[in-house]
Amino acid sequence: MGFPDPESREAAKNSHFLDELDRQAELAIRSIHFAVMRGRETRDARDPKVWGSLQNALFAAICIARIFNPKVRKYPGMTKDESQAYADRRGKTLRDLLQVKDDCHILEVNSVRDAYEHYDEYFEKHLLNGVDCFSDWYITDRLVLKTASHPGGSWSSAGLRVFYPAGGVLIFDERRLYLFELEVELIELRVRIADKLKELRESIKGRANYGGHIGEVVMTGQETSQRFMEWQHRRAEALEELAKRKR
């Protein structure tokens, strides 16, 4: 980042953000595609590989959304408000640079992803209101079991996490994330990132300063070998105990 002129330094900073956006977009794209294609074929309504890919996609997509619409803690030498204002300017710069519209699906991922993260709160909210039955964490071929309420307002049954792979829809209660549209937007974003990265890197002038890093060995070779062997041993024991319980 240590270029002598402000323009090159700014271009280097934006290039770094664009590299990260591209990485996360690739992860989300791969995860969405896998989840949809496997979800269409699997016979396991709770297929862990499908749900694992969906959660990977949500994590990667929220990383992108938060770079574009940041919510930050206090930065060194700034107040909380100054820090947020600085981050907001960065987010707007990147959105403008990459032509990200306010109504795109990339920026809509927050509501569904946050609901998945705070699942325990939604679960207990329904329990506290006397719910009798949950439908949750399943892959459907079309039918979704929704939250039903009595006239008095108390819930009799609640439906939370559902994936409809054929239609490319991930659901949390009343929230929906349209994965086909999201994936295409992410691919298109990567196209624009590739173009802008080339422009930014060509605009950087001069040589950057380097230095200041301290090299540190994570652990010795003996420690590494010992940890690996111990992990393999304990893992095998734990898996054996799990297999016994599942019989």
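P(r) for the chain, please, calculated from all Cα pair distances in 10 Å bins and given in %.
6, 21, 24, 24, 18, 6, 1, 0
Taking the Cβ-Cβ separation of Leu239 and His213 as r and a Förster radius of 35 Å, what is the calculated FRET efficiency to the nearest 0.05?
With R0 = 35 Å, the Cβ-Cβ based efficiency is 0.30.
May I ask you to list the chymotrypsin sites (Phe, Trp or Tyr not before Pro) in segment 151-219 that are in a DSSP loop and have at most 13 other Cβ atoms within 10 Å of their Cβ?
Answer in residue order: Tyr210.
Holding the Cα-Cα limit at 30 Å, pick out from Lys74/Lys125; Lys49/Lys196; Lys71/Lys146; Lys92/Lys146; Lys71/Lys125; Lys92/Lys125 the pairs that are longer than that.
Lys74/Lys125; Lys49/Lys196; Lys71/Lys146; Lys92/Lys146; Lys92/Lys125
What range in the chain is the longest one free of GluC sites (Glu not before Pro) that are in a loop by DSSP and have at most 14 other Cβ atoms within 10 angstrom?
1-173
Got a number for carbon plus sulfur as a percent of segment 67-177's accessible area, 1.4 Å probe?
51 percent
So for segment 11-168, averaging the separation of alpha carbon pairs under 8 Å that are six or more residues apart and normalising by length, what relative contact order in percent results?
Result for segment 11-168 is 21 percent.
What number comes out for accessible area per residue over the chain if the probe is 1.4 Å? Units Å², please.
For the chain, the solvent-accessible area averages 66 Å² per residue.
Excluding residues on the same chain fewer than 8 positions from Lys101, give the aspartates and glutamates whose Cα lies under 12 Å from its Cα.
Once the sequence-local aspartates and glutamates are set aside, what remains near Lys101 is Glu185.
The values are calculated or read from the model by the stated rules, or taken from the named source; none is laboratory data. Everything numeric here is computed off the predicted structure, so don't read it as measured data. Cβ sites come from the backbone with ideal geometry, for glycine too, and all protein chains shown count toward neighbours. Side chains included, ligands, DNA and RNA excluded: accessible areas come from the protein's heavy atoms. Shrake-Rupley method; radii C 1.70, N 1.55, O 1.52, S 1.80 Å.
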